[in-house]
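The values are calculated or read from the model by the stated rules, or taken from the named source; none is laboratory data. The model shown is predicted, which means the values in this text are computed figures rather than measured ones. Cβ atoms come from the backbone with ideal geometry, glycine included; neighbour counts cover every protein chain shown. Keep in mind that these areas ignore ligands, DNA and RNA; they rest on the heavy atoms of the full protein, side chains included. Shrake-Rupley method; radii C 1.70, N 1.55, O 1.52, S 1.80 Å.
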Amino acid sequence: MNCSRLGQPLLHQARYRSRILSSDAASVFHYLVQGQGPKLPLSFSSPPTHSALRRRFYVQSSAAISKPTSPFHQQLPRSPQIATRADVLEPASSLWSTRSSRASLAPPLNNTRHLPVRRYSQVAKMTVNNFIKKHKVTVIGSGNWGTTVAKLVAENCAEHPDTFEKDVQMWVYEENVTLPKDSKHFDASIGEQPQKLTHILNTYHENVKYLPGIPLPHNLVANPSLVDAVKDSSILIFNLPHEFIGNICRQIKDHIAPYARGISCIKGVSVTDDKIELICNYVSDALNIYCGALSGANIASEIANEQWCETTIAYNTPLVDRRDENGRPVGNGESNDHTKQLTPLPLDYPPLDHDEWSLLFSRPYFTVSMVSDIVGVSLAGALKNIVAIACGYVEGHGWNMTAKTAVMRRGMQEIIRFANEFFPGQIEPRTFWEESAGWGDMIVSCTSARNWRCSKLAVERNLPIEEVEKTELNGQKLQGISTTREVSSFLRAKGAEERYPVFMAVERIIDQEIKVEEIPKLFK
Ligand SMILES: NC(=O)C1=CN([C@@H]2O[C@H](COP(=O)(O)OP(=O)(O)OC[C@H]3O[C@@H](n4cnc5c(N)ncnc54)[C@H](O)[C@@H]3O)[C@@H](O)[C@H]2O)C=CC1
Ligand SMILES: O=C(CO)COP(=O)(O)O
């Protein structure tokens with residue numbers, strides 16, 4: 001049989017005609033990867049490439065399965081697990097197709113990306129390790145972005161029950177909320193009595209305070225107990241204003257699974273005296289787990305309404321979690337992040353690598369790009385908030401796009417300078433140019449996000465920005481104000497103020513020390 005004659009439709013048909021049980025597919029694959037399979041008369045016209053070899057597997061397994069009386073079937077080792085994944089039965093073509101958002105082999109330490117693709121076949125993933133357990137997901141935070149991310153993650157958990165537990169926990173900072181009379185959930189028997197936000201969430205499946213008007217999936221469970229929400233979760237998604245993360249970590253430290261892995265969607269940094277830390281690294285250190293970062297040009301309300309956008313996830317799979325093509329561990333107990341010893345993710349869980357993170361976060365309306373530049377992604381997301389405030393001030397003053405563009409350009413220069421100066425050798429410049437987390441986020445934040453909007457209003461109304469935050473945001477928090485103060489104080493401690501005129505100017509305008517029209521002369 002010549003491989004070149006095997007079109008995808010043929011394979012597709014072969015797999016469907018066979019009407020296999022998925023457990024048979026798993027067994028066949030197991031058998032073949034062990035190298036015990038009978039040789040089918042396959043020939044390659046040139047040295048086989050990786051994809052050709054994968055095709056060989058599918059051809060062989062399809063052929064074996066389609067002939068129940070073949071020696072294959074008689075010799076097949078039986079897997080004790082009855083696998084039920086729908087994707088075992090999916091058209092074979094899709095199992096080797098390139099999916100840009102279903103990304104690549106976890107990159108090595110030096111942050112390089114676009115590496116050779118590791119794609120476990122879905123069959124390989126479940127065969128070798130049996131994956132008795134599924135990932136339990138908890139979202140910590142339920143604000144505007146917290147609820148939006150919880151929504152999309154819950155949609156994916158419902159769609160991928162082989163990898164994730166269906167129910168997603170969402171920790172809610174409990175508060176009392178009054179449903180207004182015009183709310184569709186208004187209940188005359190309760191009237192305007194305040195009700196617990198978690199009760200409203202679990203009853204009406206809507207976050208009436210932080211994401212009004214958006215129906216939430218019923219498998220998203222609001223939980224006011226932080227400790228209970230994180231219990232036994234292998235995936236923790238941190239999504240709340242950065243000023244609360246220290247307190248959260250202290251509360252959950254002794255209650256999380258030691259092998260849990262995290263993603264921080266938080267845009268901010270942690271600064272103490274002359275030390276600065278990325279939020280995801282702060283989480284990693286505080287909890288002794290590994291934590292990546294998600295950041296991009298993302299306006300929560302638009303994504304909640306399923307308007308399309310992109311994001312970037314940086315995740316540098318710890319060595320202890322890496323598995324080879326057959327699902328076997330390749331690490332030897334070392335850790336590639338910081339100096340700590342991580343507890344490996346147990347082998348009875350599906351792996352947690354770029355593929356799985358992408359599976360968890362990608363939606364038709366949310367395109368995920370996986371990278372490993374943790375520092376670039378985190379700093380771009382945190383520091384653009386300072387620039388967004390500057391742009392709001394400029395626009396509130398009455399200057400338009402040209403002035404804002406100058407501020408954005410200089411702001412981006414300062415972000416990259418900051419990253420190079422204080423995290424030397426740890427960023428990839430193309431994160432800023434090519435990723436949603438870079439220029440994409442800068443543009444959206446300086447033209448339509450909350451930090452920009454509130455600082456613009458502050459100038460227009462001649463009010464401190466904190467006042468506008470209180471009156472306009474109904475409990476939502478601006479990250480730009482505290483980040484400006486933290487970064488300015490860090491720069492002062494380092495004696496580096498002069499190299500960061502945009503960052504420093506924003507602090508002085510917030511404190512009403514200078515006026516917006518003085519900005520240009522600071523750049524001389
Ligand atoms: N909203 C957006 O469009 C986007 C936000 N982000 C980032 O996501 C992170 C979370 O922001 P949002 O979800 O938008 O929050 P938010 O600003 O909408 O809401 C504030 C949240 O903080 C909670 N909270 C208040 N006091 C608290 C306390 N003492 N302890 C713990 N929680 C408390 C509130 O219950 C509420 O859930 C931020 O770092 C933000 O920069 C990132 C991308 C988009
Ligand atoms: O990060 C954001 C857009 O990407 C949202 O920023 P704001 O917090 O200013 O709304």
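Return the residues of region 294-314 that are within 11 Å of ligand 1 (Cβ to nearest atom) and either in a loop (DSSP other than H, G, I, E, B) or within 26 Å of residue 344 (Cα to Cα) (or both); say none if nothing qualifies. Quick ask: steps written out before the conclusion?
First, the residues of region 294-314 that are within 11 Å of ligand 1 (Cβ to nearest atom): 294-304, 309, 311.
If the condition is that a residue be within 11 Å of ligand 1 (Cβ to nearest atom) and either in a loop (DSSP other than H, G, I, E, B) or within 26 Å of residue 344 (Cα to Cα) (or both), then 294, 295, 296, 297, 298, 299 are the ones that fit.
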Of 163, 147, 138, which residue is buried (at least 18 other Cβ atoms within 10 Å of the Cβ), within 15 Å of ligand 1 (Cβ to nearest atom) and closer than 22 Å to residue 258 by Cα? 138
Take residue 124 and tell me if it is over 15 Å from the mean Cα position of the chain (by Cα), at pLDDT 95 or above and among the aliphatic types (A, V, I, L, M). no
Determine which single condition residue 511 fails, assuming it passes every other condition in (1) in contact (Cβ under 8 Å) with a residue 24 or more places away in the chain; (2) of a type outside the set (Lys, Arg); (3) surrounded by fewer than 22 Cβ atoms within 10 Å (Cβ to Cβ). (1)
Which numbered condition trips up residue 451, out of (1) assigned to a loop (DSSP other than H, G, I, E, B); (2) open to solvent by less than 20 Å² (accessible area, probe 1.4 Å)? (1)
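Would you mind finding the one in 443, 415 that is open to solvent by less than 20 Å² (accessible area, probe 1.4 Å) and under 27 Å from residue 400 (Cβ atoms)? Give the derivation first.
Numbers: 443 fails: open to solvent by less than 20 Å² (accessible area, probe 1.4 Å).
415 is the lone residue from the list that is open to solvent by less than 20 Å² (accessible area, probe 1.4 Å) and under 27 Å from residue 400 (Cβ atoms).
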When region 189-225 is checked residue by residue, the ones that are in contact (Cβ under 8 Å) with a residue 60 or more places away in the chain and on the phi > 0 side of the Ramachandran plot are none
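Do we have any residue at all in region 385-401 that's hydrophobic (A, V, I, L, M, F, W, C) and surrounded by fewer than 24 Cβ atoms within 10 Å (Cβ to Cβ)? Break it down into steps so the answer makes sense when it comes.
Going residue by residue through region 385-401, those that are hydrophobic (A, V, I, L, M, F, W, C) are 386-391, 394, 399, 401.
Filter again for surrounded by fewer than 24 Cβ atoms within 10 Å (Cβ to Cβ), leaving 399, 401.
Looking for residues that are hydrophobic (A, V, I, L, M, F, W, C) and surrounded by fewer than 24 Cβ atoms within 10 Å (Cβ to Cβ), one finds at least one in region 385-401, hence yes.
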Output for region 468-481, where each listed residue is within 11 Å of ligand 1 (Cβ to nearest atom) and open to solvent by 30 Å² or more (accessible area, probe 1.4 Å): 469, 474, 475, 476, 477
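Of the residues 189, 225, 234, which is touching a strand residue (DSSP E or B) at 6+ places or on another chain (Cβ under 9 Å), farther than 28 Å from residue 424 by Cα and surrounded by fewer than 22 Cβ atoms within 10 Å (Cβ to Cβ)?
On the way: 189 fails: touching a strand residue (DSSP E or B) at 6+ places or on another chain (Cβ under 9 Å); 234 fails: surrounded by fewer than 22 Cβ atoms within 10 Å (Cβ to Cβ).
Within the list 189, 225, 234, the selection yields 225.
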Working only within region 425-457, note down all residues that are closer than 29 Å to residue 511 by Cβ, hydrophobic (A, V, I, L, M, F, W, C) and touching an Asp or Glu at 6+ places or on another chain (Cβ under 8 Å). 452, 454, 457
